[in-house]
Amino acid sequence: MNISVFGLGYVGCVSMGCLANNGHTIIGVDINQHKVALINSGKPTIIEKDIDRLIAENHALGRISATMNFKDAIRNTEISFICVGTPSLPTGQLNLEYVFNAAREIGEGLKEKNEFHVIIIRSTVFPGTNEKVGKLIEDYSGKKRNIGFAVISNPEFMREGSAVQDYYNPALTVIGSDNENAIKLLEAIYKNINAPIVHTTIRAAEIIKYINNTFHALKISFANEIGNICKALDIDSFEVMRLFKMDNRLNISTAYLNPGMAYGGSCLPKDLKGLSTIAHDNYIKVPVIEAVEISNSLQKSKVIEMVERKGKKNIGIYGLAFKKGTDDLRYSPSVSLVETLLGKGYNILVYDSFVHLAKLIGANKSFIEQHLPHISELLKNKFEEVLEKSEICIIAHQPDDDDYGKLSKYKGDIIDLVRLDKRKLNGLNIEGLSW
């Protein structure tokens, strides 16, 4: 295929070399004359393992060239990759000026072209940028989106030092688009890439790189704080983290990575507080670890705010234990919700099929007696009774099939803390916690 690449910096240069190496003919576009001259002499614009060889070999084969004339590039290609830089502004916002300039140039180029054109945004951008790029191209070309052109969000996941390897072997290839023909075209371009192709919404594709890199930063900071604690205690931090990383069922896995309600139970709160205390006692600052409980408390506060906004006083809660399938009430976020709502004057009823007051013993019984001494007046044996007497129902556990059936007849507001299956609750007034 004939492809133009707008921006001959890091992402653009690597994309040129790898696309050309897969047999495509590439025209690079840049406002920097020096970068254009380098490409046209068979040299890369960056220092990166293997890219000098790819650029030189494919330039010699006539697959690579560069220009400052964007109209010529658009005229002679079917697809354009936007790979320009998006540096940070002092405010923390991204400077999207170069992306929008590329969109304007592509629009002007398309004004003189009749063939359908596909634009692929590889640059890291804020959600909503794809839509703005499409609007700019419409304004400058006079064409309509998905009639004269299509815009795809296709974030890159390349690391400096291994960018060529990462290009050919990403964990996944993300494609966000509203045009099926454009998706098929991009799939054909990536047919030699060793990764599953995942279709998603445009806005999810635009934000995913931020999520990835923020989590990577979080992991590094977490490991560093653990290292600092271990050093103070004369413990080998690499041995500790070796053990940590051996658990790929919970630690290094997808476990716990779904948005939802705050954590609770007898282990997480206690052990988090214990580790923070160890750090404090050894004069070690651990802001990441200490922020975990703050974030957890904010998630519970968010539910209270959702209830308050609805302006109704009779509240039902489905699920009291800290998670489904147990009667453990210790540090349960549902218990905290009940406690707070009662203090604010709400009328509360609760249903949990696993919680039976007569069977509670030991620390579990002591905890609930301390936090909710009148729990017997709140806890009901039938979910129907809770639904009948509530104006708002907070779903804190994933319902059983029978309870889905009962909930489907509910006329009040539902606050969803578990990601309910809306196919089973079609037409109900449901507000999700983080979705």
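The values are calculated or read from the model by the stated rules, or taken from the named source; none is laboratory data. Model, not experiment: these values are computed from the prediction. Cβ: placed from backbone, ideal geometry, glycine included. Neighbour counts: every protein chain shown. Accessible surface areas use protein heavy atoms only, side chains included; no ligands, DNA or RNA. Shrake-Rupley method; radii C 1.70, N 1.55, O 1.52, S 1.80 Å.
Observations on the structure shown:
- Filter pass, residue 233 being buried (at least 16 other Cβ atoms within 10 Å of the Cβ), over 20 Å from the mean Cα position of the chain (by Cα) and either over 30 Å from residue 133 (Cα atoms) or modelled with pLDDT of 95 or more (or both): no
- Of everything in the stretch 205-219 that is surrounded by 11 or more Cβ atoms within 10 Å (Cβ to Cβ) and among the β-branched types (Val, Ile, Thr), the residue that is farthest from residue 131 (Cα to Cα) is 208.
- The number of residues in the stretch 332-365 that are open to solvent by less than 70 Å² (accessible area, probe 1.4 Å) and farther than 27 Å from residue 309 by Cβ comes to 7.
- Among the residues of the stretch 338-345, some residue qualifies, meaning at least one is in contact (Cβ under 8 Å) with a residue 40 or more places away in the chain and over 33 Å from the mean Cα position of the chain (by Cα).
- Of all the residues in the stretch 23-62, those that are closer than 29 Å to residue 113 by Cα, open to solvent by 70 Å² or more (accessible area, probe 1.4 Å) and not in a helix (DSSP H, G or I) number 2.
- Qualifying helices (runs of 4 or more DSSP H) (wholly inside the stretch 349-435; at least 3 residues being of a type outside the set (Ser, Thr, Tyr) and under 37 Å from the mean Cα position of the chain (by Cα)): 362-371, 383-388, 401-407
- Yes/no for residue 207 being in contact (Cβ under 8 Å) with a residue 12 or more places away in the chain, touching an Asp or Glu at 6+ places or on another chain (Cβ under 9 Å), of a type outside the set (Phe, Trp, Tyr) and at negative phi: no
- Screening 305, 293 for residues that are under 28 Å from the mean Cα position of the chain (by Cα), more than 21 Å from residue 393 (Cα to Cα) and open to solvent by 50 Å² or more (accessible area, probe 1.4 Å) leaves exactly one candidate, 293.
- Applying the criterion of being among the aromatic types (Phe, Trp, Tyr) and under 22 Å from the mean Cα position of the chain (by Cα) to the residues of the stretch 155-192, the residue that is farthest from residue 51 (Cα to Cα) is 157.
- Residue in the stretch 99-111 that is touching a residue at least 12 places away in the same chain (Cβ under 8 Å), open to solvent by 40 Å² or more (accessible area, probe 1.4 Å) and not in a helix (DSSP H, G or I) present: no
- Among the candidates 215, 238, 222, residue that is of a type in the set (Phe, Trp, Tyr) and over 25 Å from the mean Cα position of the chain (by Cα): 238
- When restricted to residues that are open to solvent by 60 Å² or more (accessible area, probe 1.4 Å) and either within 17 Å of residue 16 (Cα to Cα) or not in a loop (DSSP other than H, G, I, E, B) (or both), the stretch 114-161 contains 7.
- The stretch 1-10 - residue that is outside any strand (DSSP E or B) and crowded, with 24+ Cβ neighbours inside 10 Å and, of those, farthest from the chain's Cα centre (by Cα): 8
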